[in-house]
Amino acid sequence: MDHSADLLQQNTHFAFGKNWASYAELVTPAKITEAVAGLKRLVGDELTGQRWLDVGCGSGLHSLAALQLGAAEVVATDLDPDSVTTTRALLTQLAPTATWRASEHSVFDLAQAGFGQFGVVYSWGVLHHTGDLSGALRAAAGAVAPGGLLVVALYRKTPLCSLWKLEKRFYAHASPRTQRLLRAGYIALYKLALRLTGRNFKRHIEEYQTNRGMDFAHDVHDWMGGWPYESITPAQTAQAMSELGFTPVRSFLDTRGKLGLFGSGCDEYVYRKT
Ligand SMILES: C[S@@+](CC[C@H](N)C(=O)[O-])C[C@H]1O[C@@H](n2cnc3c(N)ncnc32)[C@H](O)[C@@H]1O
């Protein structure tokens, strides 16, 4: 693997789309309900009748949630062809009559794609995996209509981010066997940490799907492999968004584990284009 390769190109990235294809087989009505609740917590009732752009749609679950919350039109995009295929299959099956399209586009190509502007642009856990977080934030912001919302989740900068960066760069291009071994080590340490803090691993896993309808095992693979990787503090985000002409609406900051031992955690932000 040539580590100087262009990180904006999909062939240098972790195989996000394969993980989403595997995760999509686990989507149940309960996970959809949790995804809808997670999205409503962020956007309230502001989706009704809006055009919605999902930048880095992954499995397509949150585009489905947007349709269920009343979005008039959904445009789901991702750089990874496997994510786009999975999103298309999910929406074809679960929202066959709604107005949506799924297409292979990088966030950096949105301006040329001719999609126009959107009442809500949503990019959860994506912009820090593009190879250029600040450029990606600017590109996503450019797709928001005046008065519209930009909803993003971004990895929090922690003291251990540089170590995780090395780990991810290695893991993303390691063999499936090596990846399995590394995941087993991570999960063993995770269990130990839960036990030492008086928590139960089995219960933790059962409750995990209340996290936006996600799945623990797939999220561990995504966390360990999520390359390229950047992170950002809430203050840096506030500064960048202000420079782009946005004002804060609400945020949910992840204050757990400030060291970043098991992950840096995503801070969620909702901004309005003024
Ligand atoms: C961690 S996943 C998040 C998926 C989804 N938003 C969710 O919340 O479940 C990150 C996604 O971003 C996509 N991605 C990475 N770089 C991208 C880019 N330049 N433009 C669009 N999507 C990108 C990946 O292919 C992957 O599907």
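Per residue, the chain exposes 46 Å² of solvent-accessible protein surface, assessed with a 1.4 angstrom probe and all protein chains in place.
Between the alpha-carbon centers of segment 4-73 and segment 199-274, tell me the distance in whole angstrom. So the two Cα centres are separated by 15 Å. In terms of packing, defined here as the mean over residues of other Cβ atoms within 10 angstrom, the peptides 147-154, 8-15 line up highest first as 147-154, 8-15.
Put a dot 7 Å past the Cα of Asp45, heading toward its Cβ, do the same for Ala145, and the two dots end up 1.9 nm apart. Give the share of C-alpha pairs in each 10 angstrom bin for the chain, from 0 to the last occupied bin, in whole percents, shortest bins first. Here the calculated profile for the chain is 7, 30, 38, 21, 4, 0. Estimated at 0.36 nm per residue, the fully extended path between Ser162 and Arg195 surpasses their Cα-Cα distance by 9.2 nm.
Relative intensity of segment 88-226 on a log10 scale, I(q)/I(0) at q = 0.10, 0.16, 0.18 Å⁻¹, equals -0.50, -1.11, -1.24, per a Debye sum over C-alpha point scatterers of equal strength in the absence of solvent. Here the 3J(HN,Hα) profile of segment 232-238, calculated from phi with Karplus coefficients 6.51, -1.76 and 1.60 at θ = phi - 60°, is 8, 7, x, 5, 5, 5, 4 Hz, Gly and Pro shown as x. Seen from every direction in turn and averaged, the convex hull around the alpha carbons of segment 165-258 projects onto 8.1 nm². Relative to the longest principal axis of the Cα atoms of the chain, helix 133-142 runs at roughly 20 degrees. Note on the chain: with charges restricted to the Cβ of Lys and Arg (+1) and Asp and Glu (-1), its dipole about the Cα centre is near 900 debye. If you roll a 1.4 Å probe over segment 1-128 with all protein chains in place, what percent of the accessible area is carbon or sulfur? It is 52 percent, rounded to a whole number.
Compute the distance in nm between two label points, each set 7 Å from the Cα along the Cα-to-Cβ direction, one at Tyr208 and one at Gln117. That separation, rounded to one decimal, is 4.1 nm. Computed over every Cα-Cα pair of segment 203-274 and binned at 5 Å starting from 0, the pair-distance distribution P(r) comes out as 3, 12, 18, 22, 18, 14, 9, 3, 1 percent.
Distant-in-sequence amide contacts of Gly148, defined by a placed amide H-H separation under 5 Å and a gap of 5 or more residues or a different chain, comprise Lys273. The listed peptides 160-169, 137-146, ordered by packing as a protection proxy, come out as 137-146, 160-169 (highest mean of other Cβ atoms within 10 Å first).
Peptide packing for 19-26, 44-51 was compared via the average number of neighbouring C-beta atoms within 10 Å per residue; ordered from the highest value, the list is 19-26, 44-51. Got a sec? Charge dipole of segment 137-274, +1 on Cβ for Lys and Arg, -1 for Asp and Glu; which of Ser242, Ala217, Leu192 is way out at the positive end? Sorting the options by dipole projection puts first Leu192. Cross-link pairs exceeding 26 Å between alpha carbons, from the set Lys31/Lys258; Lys31/Lys191; Lys191/Lys258; Lys168/Lys191; Lys18/Lys165: Lys31/Lys258.
The long axis of helix 29-43 is offset from the longest Cα principal axis of the chain by roughly 60 degrees. Compute the relative contact order of segment 57-199 as a whole-number percentage, counting only Cα pairs closer than 8 Å that sit 6 or more residues apart in sequence. After rounding, I find 17 percent. An ellipsoid equivalent to segment 61-126, defined through the eigenvalues of its Cα gyration tensor, has semi-axes of 18, 15, 11 Å when rounded to whole angstrom and sorted largest first. Under the criterion of Cα pairs below 8 Å and six or more residues apart, the relative contact order for the chain equals 22 percent.
The values are calculated or read from the model by the stated rules, or taken from the named source; none is laboratory data. Keep in mind the model is a prediction, meaning the values are calculated, not measured. Glycine also receives a Cβ, built like all others from the backbone with ideal geometry; neighbour counts cover every protein chain displayed. To get the accessible areas, we keep the full protein, side chains included, count just its heavy atoms, and leave off ligands, DNA and RNA. Shrake-Rupley method; radii C 1.70, N 1.55, O 1.52, S 1.80 Å.
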